[in-house]
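The values are calculated or read from the model by the stated rules, or taken from the named source; none is laboratory data. These numbers were taken from a predicted model, which means no experiment stands behind them. With ideal geometry, Cβ positions are generated from the backbone for all residues, glycine too; neighbour counts draw on all protein chains shown.
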Amino acid sequence: MKKSITKLLALLLPVLLIVSTAGCASGSGSTSAKEEGAKESAQPAQEPQEKVVVGGIGSSLVSSMKCANLNSNEIAKTYGIEWIPSELSGYDDQAFLTMYENMIDQGANTLIVYTFSESALKLVADLCAERDVNWFLANRKITDESLKEYVYSQKNFLGNCYCNETQIAYDLVKEMANDYGVKNMAVIGLQQGDINGDYRDTGINQACKDFGVNLLTETRGVTTVEDVTNSVEGIIASYPELDGIFIVGGAVTPGALAGANQALVNHGLEGKVSICLIDIENGMEQYMGEGKPLKVCAGGNLSLDMILPMICIANHAQGINLDDEPIVLNTRMQLLHTPQDVVDFAEYCENTETPIYTGDGWNAVVGKSTAELQSWIDNFNSETIKASR
């Protein structure tokens with residue numbers, strides 16, 4: 001499909017040049033500042049050059065994914081794209097591959113891809129090449145350079161967006177040490193091999209060294225409230241000096257905060273042990289504030305990482321940003337420190353009922369250059385979205 005759009009543009013180019021030349025001949029020969037500014041942003045057509053059918057994860061179980069699904073559907077409706085969301089039935093490589101195969105069988109000619117492991121990426125890349133399907137990699141930076149070279153060289157690969165996971169984990173440990181006096185910290189982490197989890201582990205380990213924090217122990221693979229409560233109670237029993245807990249996020253997020261908090265309550269340590277968290281969790285504001293353990297949460301990039309590919313696909317379908325190299329966009333996490341921060345974030349950035357924009361409001365980002373998209377991402381937060389409404 002990528003190739004067909006390029007051919008179409010090649011056929012249209014001579015006609016566009018003739019029209020453009022005629023327009024210049026009839027003008028005064030000068031260009032206003034307003035016209036120059038217009039050149040920086042390609043204006044989107046309301047219908048794509050050809051029918052684009054996009055498949056992606058549309059989970060109803062996680063608020064970030066529900067938000068992404070809501071906004072992806074709104075973009076699709078606005079720009080004449082068909083959106084086929086699917087629930088994820090498992091977390092292993094085969095579950096991801098089967099899901100994307102099913103999307104293609106349902107008619108998807110473009111995929112928004114999200115996987116936990118890099119081995120799955122190779123499988124998806126080969127699948128898309130075999131079936132001649134375009135794809136955009138979301139929320140994952142490829143660590144293996146040979147795999148990255150392979151993926152980025154695929155003619156059907158449109159682009160990649162991801163957050164600097166190592167840096168955000170590093171920054172959270174720094175804040176825990178400098179602002180909340182944490183010296184002895186335990187980690188509730190992800191299974192090793194999770195791409196983003198491995199990056200976060202790197203940031204945590206380096207920050208602990210740099211800021212004199214003792215990394216007491218790591219617990220991996222727990223997901224339920226009860227399991228986390230039991231794990232934290234075991235940590236408290238083994239390490240009475242514990243004064244900080246880092247919940248790394250991902251699959252462990254649902255229930256992890258409630259479980260850790262319950263263990264602290266059971267031992268009268270609510271006001272003595274500080275918690276930091278990656279990934280937003282519903283209802284977490286109840287654990288924040290005076291005498292409560294949650295001091296800072298970093299998140300919000302997952303939903304944005306899943307929305308950006310649809311924006312780029314809408315551009316691509318209209319012949320915008322058809323670069324020789326895949327588009328690369330860098331997202332960042334927002335830091336939430338107070339209950340009000342959480343409320344505002346849920347209202348403006350990760351609302352599961354109201355899209356960020358509706359209808360033509362998406363022209364704020366669709367039809368823009370890659371540089372303009374990155375600028376929008378860099379300034380994306382509760383305040384800027386609130387101001388745009």
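For this structure, a couple of remarks:
- In the stretch 352-375, the residues that are assigned to a helix (DSSP H, G or I) and surrounded by 19 or more Cβ atoms within 10 Å (Cβ to Cβ): W362, L373
- Candidate set: the stretch 332-389, residues that are among the aromatic types (F, W, Y) and within 14 Å of G300 (Cα to Cα); chosen: the one nearest to the chain's Cα centre (by Cα): F380
- Helices (runs of 4 or more DSSP H) completely within the stretch 236-351 that count 1 or more residues being at pLDDT below 90, surrounded by 17 or more Cβ atoms within 10 Å (Cβ to Cβ) and of a type outside the set (A, V, I, L, M): 253-266, 301-317
- Breaking point among (1) crowded, with 22+ Cβ neighbours inside 10 Å; (2) at pLDDT 95 or above; (3) within 20 Å of L302 (Cα to Cα), for E74: (1)
- Given (1) touching a residue at least 60 places away in the same chain (Cβ under 8 Å); (2) in a helix (DSSP H, G or I); (3) more than 22 Å from the chain's Cα centre (by Cα), index of the condition N230 fails: (1)
- Selection status of I247, closer than 25 Å to S382 by Cα and touching a Leu at 6+ places or on another chain (Cβ under 7 Å): yes
- Members of the stretch 178-197 that are more than 16 Å from S231 (Cβ to Cβ), modelled with pLDDT under 95 and in contact with a Gly (Cβ under 8 Å, 6 or more places away or on another chain): D194, N196, G197
- Test: residue in the stretch 300-313 that is among the acidic types (D, E) and touching a residue at least 60 places away in the same chain (Cβ under 8 Å): yes
- Failed item in (1) crowded, with 20+ Cβ neighbours inside 10 Å; (2) in contact with a Ser or Thr (Cβ under 9 Å, 6 or more places away or on another chain); (3) of a type in the set (S, T, Y), with T202 passing the rest: (1)
- Candidates A387, A371, A364, filtered to the one that is touching a residue at least 12 places away in the same chain (Cβ under 8 Å) and not polar (S, T, N, Q): A364
- Of the candidates G212, G203, G221, the single residue that is touching a residue at least 24 places away in the same chain (Cβ under 8 Å), within 19 Å of the chain's Cα centre (by Cα) and not assigned by TED's automatic domain parsing to the domain that holds S72 is G203.
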